[in-house]
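The values are calculated or read from the model by the stated rules, or taken from the named source; none is laboratory data. Source: prediction; values computed, not measured. Positions of Cβ are backbone-derived with ideal geometry, glycine not excepted, and every protein chain shown enters the neighbour counts. These accessible areas exclude ligands, DNA and RNA; they are computed on the full protein's heavy atoms, side chains included. Shrake-Rupley method; radii C 1.70, N 1.55, O 1.52, S 1.80 Å.
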Amino acid sequence: MDKKVFSCLAVLFLFGSLLVSASFAESYRYVAQWGSRGTGNGQFNPMVGIAVTGSNVYVVDTGNNRIQVFDLTGRYVRQWGGAGSGAGQFDHPTDVAVGPSGVYVTDDGNARVQQFTFNGVYVREWRVPGAASIAADTFGNVYVSAGAYVFKFTAGGHPTATRWGGTGTRDGQFAASPVLAVDRSGNVYASDTGNNRIQKFSRTGEHLLTIRPKGENQFDHPYGIAVDASNNVFVADGDNKRIQKHSPSGDVIKWGEAGSGAGQFGTPLRVAVDSSGNVYVVDSGTNQRVQKFRKTD
């Protein structure tokens with residue numbers, strides 16, 4: 001091949017690669033952030049879970065034993081909780097979920113799940129030793145991970161006969177308590193952090209698929225997980241300091257790097273998506289903030 005032709009092809013290939021990389025990097029742009037380390041309104045010490053409704057963002061402020069609520073722009077709205085074992089109090093809350101019947105919080109230190117109204121009024125509680133993560137679907141089901149198992153409850157906290165899991169590396173097993181999410185069809189997604197994979201299950205616990213990318217998209221301790229209305233799966237790829245988006249067709253978009261600047265992460269620990277497709281990331285570790293991103297196309 002002529003050297004000039006080869007050189008032109010090489011330049012075109014490089015330019016095309018750069019365009020692809022740029023399009024991936026610009027698929028979601030930084031919009032806003034809020035939070036810092038502390039005990040005041042809008043501060044966290046540290047933060048863990050997150051859930052989003054049509055108008056509010058609920059954040060689990062674990063060290064301060066409270067739930068903080070913000071609007072979708074990050075403006076502080078309200079909080080509830082406080083250290084203790086009474087109704088509405090917490091001892092190391094670890095996750096939050098929003099369903100048609102209200103807000104659910106895993107209260108790990110008190111070995112229970114608490115249910116509240118959307119404004120933070122206590123409704124009920126039920127015992128779940130080791131409660132770690134929680135998800136609520138639109139069909140009246142609540143899923144809680146504890147140990148290496150997932151337990152299914154009604155919206156009112158009544159246990160069902162459905163549970164699955166166990167410690168291991170096979171399909172349907174987990175390295176530890178997985179972080180949970182649900183899609184609009186009621187399927188359950190579990191972030192199996194220690195096994196560096198995401199598993200998808202039916203409402204009855206049947207294993208449906210595993211997401212375990214290789215190469216440059218390989219997970220390094222995936223923590224939080226969220227699913228949007230189009231069944232795109234968002235993963236807080238913790239030790240890689242990035243967010244990954246996996247489409248149902250297998251396309252992958254990722255963004256982020258280590259740091260404290262806009263769009264950078266200390267430890268991306270949890271992720272949530274609103275009805276407009278905006279992505280909210282619990283940027284824990286050294287940063288203690290929520291970052292919001294918007295799709296650019």
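Has the stretch 212-223 got any residue that is touching a residue at least 40 places away in the same chain (Cβ under 8 Å), open to solvent by less than 20 Å² (accessible area, probe 1.4 Å) and not aromatic (Phe, Trp, Tyr)? Explain how you work it out, then say what you get.
Within the stretch 212-223, the first condition is being touching a residue at least 40 places away in the same chain (Cβ under 8 Å), and the residues that meet it are 223.
Checking the rest, the ones that are also open to solvent by less than 20 Å² (accessible area, probe 1.4 Å) come to none.
No, the conditions are met nowhere in the stretch 212-223.
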Looking at the stretch 117-134, which of its residues are more than 18 Å from residue 53 (Cα to Cα) and among the aliphatic types (A, V, I, L, M)? 123, 128, 131, 132
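Just checking, how many residues over the stretch 280-297 are open to solvent by less than 20 Å² (accessible area, probe 1.4 Å) and of a type outside the set (A, V, I, L, M, F, W, C)?
Total meeting the criteria: 7.
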Here are some residues: 266, 277. Which one is open to solvent by less than 60 Å² (accessible area, probe 1.4 Å) and over 30 Å from residue 140 (Cβ atoms)? 266
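Here is a yes/no grid of residues against (1) over 14 Å from residue 192 (Cα atoms); (2) in a strand (DSSP E or B); (3) modelled with pLDDT of 95 or more:
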residue: 126; (1), (2), (3): yes, yes, yes
residue: 129; (1), (2), (3): yes, no, yes
residue: 132; (1), (2), (3): no, yes, yes
residue: 138; (1), (2), (3): yes, no, yes
residue: 142; (1), (2), (3): yes, yes, yes
residue: 157; (1), (2), (3): yes, no, yes
residue: 162; (1), (2), (3): yes, yes, yes
residue: 171; (1), (2), (3): no, no, yes
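Residues to consider are 120, 74, 40; find the one that is under 23 Å from residue 289 (Cβ atoms), free of Cβ contacts under 8 Å to residues at least 12 places away in the same chain, of a type outside the set (D, E, K, R) and not in a strand (DSSP E or B). Lay out the reasoning, then the answer.
On the way: 120 fails: free of Cβ contacts under 8 Å to residues at least 12 places away in the same chain; 74 fails: free of Cβ contacts under 8 Å to residues at least 12 places away in the same chain.
Only one candidate passes the filter, namely 40.
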Need the failing condition index for residue 185 against (1) open to solvent by 20 Å² or more (accessible area, probe 1.4 Å); (2) more than 17 Å from residue 100 (Cβ to Cβ); (3) not basic (Lys, Arg); (4) not in a strand (DSSP E or B), just the number. (2)
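Sort through 51, 22, 32 and tell me the only one that's surrounded by fewer than 23 Cβ atoms within 10 Å (Cβ to Cβ), within 19 Å of residue 243 (Cα to Cα) and either under 17 Å from the mean Cα position of the chain (by Cα) or at pLDDT 95 or above (or both).
That would be 32, the only listed residue that is surrounded by fewer than 23 Cβ atoms within 10 Å (Cβ to Cβ), within 19 Å of residue 243 (Cα to Cα) and either under 17 Å from the mean Cα position of the chain (by Cα) or at pLDDT 95 or above (or both).
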